[in-house]
Amino acid sequence: MKKKKKRTYRPCSKWMKLAIRSALEGIRRGSGGPFGACLVRKGRVIAVAHNTVLKTNDPTCHAEINAIRLAAKKLGRHDLKDCVIYSTTEPCPMCFSAIHWARIAHVFWGTAIRDVAARGFNELHVSNARIKRLGKSGVTFTGRVNVRECLELLSEWDHQADKRTY
């Protein structure tokens, strides 16, 4: 039997910039936190979303979850195995699990969980690498993509007078 070749993914700066732009929009609207996500399929944007936890009073409305919901609805299916997702911050355990269940192939993320935890967000200090290993997940990921711009996004958040962490 032929062994399946493992696919490698290379980051695309323009997709991360869409996630960053969405996160900035969310910050300026007071919707959530400094988080954005962009879901891409075959070189085309399927969904872009930001965190809306504070706007909806729903703790599950993280940027990645919102993008997955939009993409699944748009594509009319729950299986997103032919998609990749760009997230301005390393997905939390809830978001990584949703990415796994949606069978999204690859995650590109900017800042690390520790970067947002340092700003007071109630993060579980469990890296994507650890979740992947413990859960035997097939999701692959690349971290620190457009990290400088993602750190600037956190700096923008730091300067918000009415910011709230959760």
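Values quoted throughout were computed directly from the atomic coordinates according to the rules given, and no laboratory measurement underlies them. Quick caveat: nothing in here was measured; it's all calculated off a predicted structure. Ideal geometry is used to build each Cβ from the backbone, glycine not excepted, and the neighbour counts take in all protein chains shown.
Side notes on the structure shown:
- Local electrostatic count, Arg114, Cβ distance below 15 Å [Lys/Arg +1, Asp/Glu -1]: 0
- Taking a point 7 Å out from the Cα of Arg119 in the direction of its Cβ, the residues of the range 133-151 whose backbone N falls within less than 17 Å of it are 144-151.
- For the range 1-71, the set of chymotrypsin sites (Phe, Trp or Tyr not before Pro) satisfying both a DSSP loop assignment and a count of at most 13 other C-beta atoms within 10 Å is given as Tyr9.
- When peptides 108-114, 118-124 are ranked by their average number of other Cβ atoms within 10 Å per residue, the highest-first order is 108-114, 118-124.
- Once backbone amide H atoms are built at 1.01 Å from N, Val145 has Trp109, Gly110 as its partners under 5 Å, excluding neighbours fewer than 5 places away on the same chain.
- Charge sum, other residues only, whose C-beta stays under 13 Å from Thr56's C-beta, Lys/Arg counted +1 and Asp/Glu -1: +2
- Listed pairs Lys73/Lys132; Lys132/Lys163; Lys14/Lys74 exceeding 28 Å between Cα atoms: Lys132/Lys163
- Karplus-derived 3J(HN,Hα), 6.51/-1.76/1.60, for each residue of the range 132-145, Hz, glycine and proline x: 4, 5, 5, x, 6, 7, x, 5, 10, 8, 10, x, 6, 7
- Each of Lys55 and Ser97 was given a label point 7 Å from its Cα along the Cα-to-Cβ line. The distance between the two points is 2.5 nm.
- With θ taken as phi - 60° and the Karplus curve 6.51 cos²θ - 1.76 cosθ + 1.60 applied, the whole-hertz 3J(HN,Hα) list for the range 7-20 is 7, 10, 10, 10, x, 10, 4, 5, 6, 5, 5, 5, 5, 5 Hz, x standing for glycine and proline.
- Residue-averaged [θ]222 nm for the chain, counting only DSSP H segments that reach four residues, each worth -39500 (n - 2.57): -12000 deg cm²/dmol
- Where Rh is the Kirkwood radius over Cα pairs, Rg/Rh for the chain: 0.96
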